[in-house]
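As structure tokens, the structure follows; a few thoughts come after it.
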Amino acid sequence: MSFDVKDPAWPMYGLVDDARPALAQALSRGPATLATIVALGGGGPRPVGAQMVFGDGLISGFLSGGCIEADVELHARACLEDGVARRLVYGEGSPWPDIRLLCGARIEILVERIAPDDLAARTLLDLAAARLPAFWVSDGARRICAEEPQVPWPGAFERAYDPVPRLVVIGGDPTALAIAGLAAQSGHETFLLRPKGPAAPPPLPGVAYRREPLEEALTAIGLDAWTAVAVCGHDPEHDHTALMTALPSPAPYVGLLGARRRLPERLARLKAAGLSERDLAKLRAPIGLDLGGKAPFEVAVAVIGEVMAARHGQPALARRSVEA
């Protein structure tokens, strides 16, 4: 993925929420600046911890929906030149009253220059590559990053990072393709598994394709605590194999596409194969939030919404339960 600015009239750079890929790309070219919301008052479209990255011909992220980004970029480019960190305040108490926030919020932003050899930045990117959590602490002049939570010193801000969310989709029909495509567009590291499928991958940008046996593919990918699994295969044997691997794993979300009337016999077979009640309680079946639609992209929206709800612990999930 490239974060180079091609048409500033359309802020496509704001569609990516995770600053780490853009930071890696920027640091490969030279120093970068990182702008982070460190305090927020009165609401606002972006939360504390939201970030933008500025580098050589590169921008990624957004902080307000358009009210302050141009001004933040001016300060970020100046920081890139002189290396002096800045704390910017917009809204109440701002030295720039002509910059209005339509939401009425007060936003405080830390802008810091990151060198290509910065140890904290290297640690942050290494932990991301290893799919491990990271905790970043910085006051703009001094920064540390570690796998465990740190104690911020006076004036410093801590920002936690999870590994990039993953979605593994099993299947090859239009619904599976729609789910995989939407997952990639919404920031998931996405895999499409279709045992003995076509040699050529599907034309879905950002989707990795695997065609080996399911148990082998799932083991190779690694189902960790930030990986969701959507079983949409329409093959009872493949579905069973996938569920036997995914349900006991650390994956927090496992969804199954299929008719509700077939669910009791599927659950009975899984129990007979040794899965526990705790394993089965993880299963979301039928898959997806109940939005009413059954077209491929309607199901895809329902599935991605449910995966996100599971990741954020939202009560939308309470509506579904698996009954033996």
- Item | ³J(HN,Hα), Karplus 6.51/-1.76/1.60, whole Hz, each residue of the range 82-88, x for Gly, Pro | 9, x, 8, 5, 10, 10, 9
- Message: Are there any GluC sites (Glu not before Pro) in the range 77-122 that are in a DSSP loop and have at most 15 other Cβ atoms within 10 Å? List them by number.
- Response: Glu92
- Using 0.36 nm per residue of separation minus the Cα-Cα distance, give me the extension gain between Asp173 and Ile99 in nm, one decimal. 21.7 nm
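Report the convex hull volume per residue for the range 23-176, counting only C-alpha atoms, in Å³.
156
If R0 is 45 Å, what FRET efficiency do you get for Val5 and Asp290 from their C-beta distance, rounded to 0.05? Numbers along the way, then the final one.
On the way: r = 40 Å, r/R0 = 0.90.
Given R0 = 45 Å and the Cβ-Cβ separation, E is 0.65.
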- Task: Enter the accessible area per residue of the range 87-241 (Å², integer; probe 1.4 Å; all protein chains in place).
- Result: 47
- Note on the structure: Expressed in angstrom and rounded, the centroid-to-centroid distance over alpha carbons for the range 203-264 and the range 59-124 is 41
- Reachable aspartates and glutamates, given that their alpha-carbon falls under 14 Å from the alpha-carbon of Lys6 and they are not under 8 places away in the same chain: Asp56
- Whole-angstrom Cα spans of the chain along principal axes, big to small: 66, 41, 38
- Message: Quick check: residue separation of Asp56 and Leu132 times 0.36 nm, minus the Cα distance between them. What number comes out in nm?
- Response: 24.6 nm
- Query: Sequence-distant or interchain residues sharing an amide H contact under 5 Å with Tyr253, placed H: which?
  - Reply: Val229
- Roughly what would the spin-label model give for Val89 and Gln150, points 7 Å off Cα along C-beta, in nm? 2.6
- Provide the gained length on full extension for the span Ser28 to Ala273, in nm with one decimal, where the gain is 0.36 nm per separating residue minus the Cα-Cα distance. 83.2 nm
- Message: Contact order normalised by length for the range 117-215, with contacts defined as Cα pairs under 8 Å and 6 or more residues apart; what percent is it?
- Response: 19
- Query: Hey, rough spin-label estimate for Glu212 and Asp18, points 7 angstrom out along Cα→Cβ, what's it come to in nanometres?
  - Reply: 2.3
- Query: Which aspartates and glutamates have a Cα lying under 20 Å from the Cα of Lys196, excluding residues fewer than 8 positions away in the same chain?
  - Reply: Asp173, Glu212, Glu215, Glu216, Asp235, Glu237, Asp239
- Task: On the protein heavy atoms, probe 1.4 angstrom, tell me the percent of accessible surface of the range 207-303 carried by carbon and sulfur.
- Result: 55
- Message: Could you order the peptides 250-262, 167-179 from most to least packed, using the average number of other C-beta atoms within 10 Å per residue?
- Response: 167-179, 250-262
- Under unit Cβ charges (Lys, Arg +1; Asp, Glu -1), what dipole magnitude, rounded to 20 debye, does the range 115-190 have relative to its Cα centre? 60
- Query: How large is the charge dipole for the chain, taken about the Cα centre, if only the Cβ atoms of Lys, Arg (+1) and Asp, Glu (-1) carry charge, to the nearest 20 debye?
  - Reply: 860
- Note down the nm distance, to one decimal, between modelled labels 7 Å out along Cα→Cβ at Arg311 and at Phe297. 2.1
- Note on the structure: On the formula 1/(1 + (r/R0)^6), with r taken between the Cβ atoms of Arg260 and Ala225 and R0 of 35 Å, the FRET efficiency rounded to 0.05 is 0.80
- Item | Global geometry of the range 99-170, whether rounded, prolate or oblate, following the gyration tensor of its Cα atoms and the 1.5 cut on a/c | oblate
- the range 191-207 - phi-based ³J(HN,Hα) in whole Hz, Karplus 6.51/-1.76/1.60, Gly and Pro as x: 10, 10, 10, 9, x, 6, x, x, 5, 7, x, x, x, 10, x, x, 10
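Over the chain, what is the relative contact order in percent, taking alpha-carbon pairs closer than 8 angstrom and at least six residues apart?
11
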- Task: For Asp18, list long-range residues whose amide hydrogen, built 1.01 Å from N in the peptide plane, is under 5 Å from its own amide hydrogen.
- Result: none
- Using θ = phi - 60° and the Karplus form 6.51 cos²θ - 1.76 cosθ + 1.60, what ³J(HN,Hα) does each residue of the range 215-221 get, whole Hz, x for Gly and Pro? 4, 5, 5, 5, 5, 5, 5
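For the range 275-316, what does the accessible surface come to per residue with a 1.4 Å probe? Please give it in Å². If you can, show how the numbers build up before the last one.
On the way: 2270 Å² over 42 residues.
Roughly 54 Å² per residue, with all protein chains present.
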- Message: If the reach is capped at under 16 angstrom between alpha carbons, list the lysines near Lys271, excluding any in the same chain fewer than eight residues apart.
- Response: Lys282
- Can you give the calculated 222 nm mean residue ellipticity of the chain, where each DSSP H run of n ≥ 4 adds -39,500 (n - 2.57) and the sum is split over every residue, rounded to the nearest 500 deg cm²/dmol? -9000 deg cm²/dmol
- Message: Apply the a/c threshold of 1.5 to the C-alpha gyration tensor of the range 188-324 and tell me whether it is rounded, prolate or oblate.
- Response: rounded
- Please list, in chain and number order, the residues 5+ apart from Gly258 or on another chain whose amide H is under 5 Å from its amide H, with Hs placed from the backbone. Ile287
- Accessible area of the range 60-135 belonging to carbon and sulfur atoms, whole % at 1.4 Å probe: 55
- Item | Cα-based helix-to-principal-axis angle, 174-185 vs the chain, degrees rounded to 10 | 20
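The values are calculated or read from the model by the stated rules, or taken from the named source; none is laboratory data. Fair warning: this is a prediction, and the values are worked out from it, not measured in the lab. No Cβ is skipped: glycine too gets one built from the backbone with ideal geometry, and neighbour counts run over all protein chains shown. These accessible areas exclude ligands, DNA and RNA; they are computed on the full protein's heavy atoms, side chains included. Shrake-Rupley method; radii C 1.70, N 1.55, O 1.52, S 1.80 Å.
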